[in-house]
Amino acid sequence: MKRDRLLTILAEVNKSGTVKTADLIKLLNVSDMTVRRDLDELAESGKIIRLHGGAQSVKSSILYEASHIEKRELHIEEKQSIAEMAAAEIKSGETIFIGPGTTLELLSSYIQVDHLRVVTNSLPVFEIFQKERPQIEIVLTGGTFRERSGAFVGELTNGIIEKLKFNRAFVGVNGIRNESLMTADTEEGQTQRKALNNAQVKYILTDYHKLNKDDFYRFYSLYDIDYLITNHQVADEILTHYQQYTKVKVANSKKYAKK
């Protein structure tokens, strides 16, 4: 029964590109919990991409960009461990750049220093710092607002970032394939490139699901990144492969496992 369900779900996702959990419940005539468990299992094995309220075909991932709201529901434990490890890199008195992305939104919860200047083009990151860490100086770049990712992009944003220097820059990706760092939007990628270029130490933060995955726009080379931070679930052969391009830090998300 389980094997039949998984095959049916996979076929439906690949046929439609994206499916809703509610539609799968009707199709399979099983409980909400059963479908969610099946979707999680398929996502963990890399056969589908889990979305809030459903799933997406791996084959159609370049054609569809999940919103930052949808991404908040994905791989939360892995993102927490990555954010904690990244936060431990930050030193008191530094100026850092934090780009858009749900993993990067979690950084504020783990930063241990109070004397810090944070520059961001992400509205969610700005709002979280304002609410949770008001003692930290936070600078929002402004620019043209891109609702899908919650980021400010464009000429105004880039003009501001070009004039600034950072001790560290923390940036996320939608996919990494060999040395290519990729995102879904050209303007967002251009902004991330400028921030990385102006940073003394450059970090890419990504859960292991995005390794060996393509997206629309290549914005940077992994060769020019100082550290790639991902999680311990990454396969040894994949880890070895990406260590050819940069230093890889592996975060342990076991402490976040549900009991």
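From the phi angles alone, apply the Karplus equation (6.51, -1.76, 1.60; θ = phi - 60°) to the stretch 172-180 and give each ³J(HN,Hα) in whole Hz, x where the residue is Gly or Pro.
Result, ordered by residue: x, 9, 9, x, 9, 10, 6, 8, 7 Hz.
In a solvent-free Debye calculation with one equal scatterer on each Cα, what is log10 I(q)/I(0) for the stretch 2-61 at q = 0.13, 0.30 Å⁻¹, listed in the order of the q values?
-0.25, -1.51
Counting only residues 5 or more places away or on other chains, whose amide H sits under 5 Å from the amide H of Ala251 once H atoms are built in the peptide plane?
Excluding prolines and chain starts, which carry no amide H, the hits are Thr230, Asn231, His232.
Based on DSSP loop calls and a cut-off of at most 14 other Cβ atoms within 10 Å, the longest stretch of the chain free of exposed GluC sites (Glu not before Pro) is what?
Longest run free of exposed loop sites: 148-259.
In debye to the nearest 20, how big a dipole does the stretch 2-61 give about its Cα centre with +1 on each Lys and Arg Cβ and -1 on each Asp and Glu Cβ?
100 debye
Treating only the Cβ of Lys, Arg, Asp and Glu as charged (+1, +1, -1, -1), what charge dipole size does the chain show about its Cα centre? Round to the nearest 20 debye.
Working: 36 positive and 35 negative charges, 77 e Å.
With Lys and Arg at +1 and Asp and Glu at -1, about 380 debye.
Quick one: which of Lys20/Lys194; Lys47/Lys131; Lys213/Lys247; Lys47/Lys165; Lys91/Lys247; Lys131/Lys202 span more than 31 angstrom between C-alpha atoms? Intermediate values should be presented prior to the final figure.
Numbers: Lys20/Lys194 37 Å; Lys47/Lys131 38 Å; Lys213/Lys247 19 Å; Lys47/Lys165 41 Å; Lys91/Lys247 20 Å; Lys131/Lys202 26 Å.
Flagged as over cut-off: Lys20/Lys194; Lys47/Lys131; Lys47/Lys165.
Determine the calculated [θ] at 222 nm for the chain from helices alone, applying -39500 (n - 2.57) to every DSSP H run no shorter than 4 residues and normalising by the residue count; nearest 500 deg cm²/dmol. Write out the running numbers ahead of the final one.
Working: 10 runs with 93 residues, N = 259.
Helix-only estimate at 222 nm: -10500 deg cm²/dmol.
Values in this text are rule-based calculations from the coordinates and carry no lab data. Source: prediction; values computed, not measured. Ideal geometry is used to build each Cβ from the backbone, glycine not excepted, and the neighbour counts take in all protein chains shown.
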